[in-house]
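Enquirer: Dropping the structure in here first, questions after.
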Amino acid sequence: MGLTTTSQDAFLGSTFEEYSTHFAYQDESLFHLLFEKNQDRIKSKKADIAAANLKKVFEATFKLSAKIGFHEMSLRDLSRETGLSMGGLYSCLTKKEDIALMVLDIVELVSNENNEKAAAQTDELASLEMAIKYHLYSSTLLQPWFFFLYFETRSLSLENQAKSKAIEINTISTFEKIIKSGVQKGVFDVNSPYFVAHTILIVLQDWYLKPWKNKEKDMDLEKYSKYLFIMVKKLLQI
């Protein structure tokens, strides 16, 4: 059975299929965006070549960092894994840390867009459902990116570590504000909106940080989304 939205009207992207169709940050579009946003780091001025090289770099980085850690990974490791020469790597990177900065940029961009769209809804239940589903769907489509940033934030400068942590803080804050608004209107009955908001994020993160657990229980995305929102409604006492 397909999922149905719990709000009165379905919103754009209320199913994973629909969200995926409109999600701009995937496939070739994603790497062309990275090229456009990082002209100060990328020497190559040929968009298609640079985007193709960036795709190789990120796919190899996610593979290597999962095995040996980003800190231990060298550009020579990356060169061997991608098949690019060192010159080819330096045409789209100035240093290894650029990779982590680009990941931060994309995850921050996607998360902020998701939160802003959800917060703009007037119905609190629909707003919270959108915030939850958008986070779940985007972190599924960009699972290696979200996974990498969570575990490799320590590889960033202190300033950028703060930016990475702010993504989580802002997401919790978005959930919390929606819940508080619902409490004020008498729609939700919650003692601690922050605690519920924080709990929601923990469950969302578990989806993309430990996917092996859900595979063992035959828990696919559709089931996870459905059961998560059932849990949330119980926490909201509705």
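The values are calculated or read from the model by the stated rules, or taken from the named source; none is laboratory data. Not measured: the values here are computed from a predicted model. Every residue, glycine as well, gets a Cβ built from its backbone with ideal geometry; the counts of neighbours run over all protein chains shown. Quick note on the areas: whole protein, heavy atoms, side chains included, nothing else; ligands and nucleic acids left out. Shrake-Rupley method; radii C 1.70, N 1.55, O 1.52, S 1.80 Å.
Enquirer: Working only within the stretch 80-129, note down all residues that are touching a residue at least 12 places away in the same chain (Cβ under 8 Å), of a type in the set (Gly, Ala, Ser) and not in a helix (DSSP H, G or I).
Expert: Gly83, Ser91, listed by residue number.
Enquirer: Here is a further query. Does any residue of the stretch 72-79 turn out to be under 30 Å from Lys117 (Cβ atoms) and part of a loop (DSSP other than H, G, I, E, B)?
Expert: Within the stretch 72-79 (the criterion being under 30 Å from Lys117 (Cβ atoms) and part of a loop (DSSP other than H, G, I, E, B)), the answer is no, since none of the residues qualifies.
Enquirer: While we're looking at this one, here's another question. Which of (1) open to solvent by less than 50 Å² (accessible area, probe 1.4 Å); (2) over 21 Å from Phe151 (Cβ atoms); (3) of a type in the set (Phe, Trp, Tyr) does Phe70 not meet, given it meets every other one?
Expert: (2)
Enquirer: Turning to a different aspect of this structure: Counting only residues that are within 20 Å of Lys180 (Cα to Cα) and of a type in the set (D, E, K, R), which one in the stretch 88-125 is surrounded by the fewest Cβ atoms within 10 Å (Cβ to Cβ)?
Expert: Among them, the one singled out is Glu116.
Enquirer: Let me ask something additional. Between a first residue in the stretch 172-189 that is over 17 Å from Lys234 (Cα atoms) and a second residue that is of a type in the set (Gly, Ala, Ser) and open to solvent by 40 Å² or more (accessible area, probe 1.4 Å), which pairs have beta carbons less than 6 Å apart while being 6 or more apart in sequence or on different chains?
Expert: Short answer, once both residue conditions are applied: Thr174/Ala119.
Enquirer: Evaluate the stretch 53-66: report whether one residue or more is at pLDDT below 95, surrounded by fewer than 18 Cβ atoms within 10 Å (Cβ to Cβ), assigned to a helix (DSSP H, G or I) and of a type in the set (Gly, Ala, Ser).
Expert: Checked against the condition, which is being at pLDDT below 95, surrounded by fewer than 18 Cβ atoms within 10 Å (Cβ to Cβ), assigned to a helix (DSSP H, G or I) and of a type in the set (Gly, Ala, Ser), the stretch 53-66 yields at least one hit.
Enquirer: Next up: Could you list all residues from the stretch 204-224 that are hydrophobic (A, V, I, L, M, F, W, C) and more than 18 Å from Met130 (Cβ to Cβ)?
Expert: Leu209, Trp212, Met219
Enquirer: What number of residues within the stretch 206-236 are open to solvent by 30 Å² or more (accessible area, probe 1.4 Å), assigned to a helix (DSSP H, G or I) and farther than 18 Å from Phe147 by Cα?
Expert: 10
Enquirer: Turning to a different aspect of this structure: Output yes when any residue across the stretch 193-205 is aliphatic (A, V, I, L, M), part of a loop (DSSP other than H, G, I, E, B), open to solvent by less than 20 Å² (accessible area, probe 1.4 Å) and within 25 Å of Ser65 (Cα to Cα), and no when none is.
Expert: Scanning the stretch 193-205 turns up no residue that is aliphatic (A, V, I, L, M), part of a loop (DSSP other than H, G, I, E, B), open to solvent by less than 20 Å² (accessible area, probe 1.4 Å) and within 25 Å of Ser65 (Cα to Cα).
Enquirer: Still on this structure, please answer the following. Check Met219, Met231 and return the single one that is at pLDDT below 95 and not charged (D, E, K, R).
Expert: So the residue among Met219, Met231 that is at pLDDT below 95 and not charged (D, E, K, R) is Met219.
Enquirer: Test Glu152 against the criterion of being under 17 Å from the mean Cα position of the chain (by Cα), open to solvent by less than 70 Å² (accessible area, probe 1.4 Å) and over 22 Å from Leu235 (Cα atoms), and give yes or no.
Expert: Considered against the rule, which asks whether it is under 17 Å from the mean Cα position of the chain (by Cα), open to solvent by less than 70 Å² (accessible area, probe 1.4 Å) and over 22 Å from Leu235 (Cα atoms), Glu152 comes out as yes.
Enquirer: Does at least one position in the stretch 24-35 carry a residue that is in a loop (DSSP other than H, G, I, E, B), within 19 Å of the chain's Cα centre (by Cα) and without any contact (Cβ under 8 Å) to a residue 12 or more places away in the chain?
Expert: The answer is yes, given that some residue of the stretch 24-35 is in a loop (DSSP other than H, G, I, E, B), within 19 Å of the chain's Cα centre (by Cα) and without any contact (Cβ under 8 Å) to a residue 12 or more places away in the chain.
Enquirer: Of the numbered conditions (1) out of contact with any helix residue (DSSP H, G or I) (no Cβ under 8 Å at 6 or more places or on another chain); (2) modelled with pLDDT under 95, Ile42 satisfies every one except a single condition; which is it?
Expert: Result: Ile42 passes all but (1).
Enquirer: Scanning for something open to solvent by 30 Å² or more (accessible area, probe 1.4 Å) and under 16 Å from Lys133 (Cα atoms), does the stretch 175-185 turn up at least one residue?
Expert: Yes, because at least one residue in the stretch 175-185 is open to solvent by 30 Å² or more (accessible area, probe 1.4 Å) and under 16 Å from Lys133 (Cα atoms).
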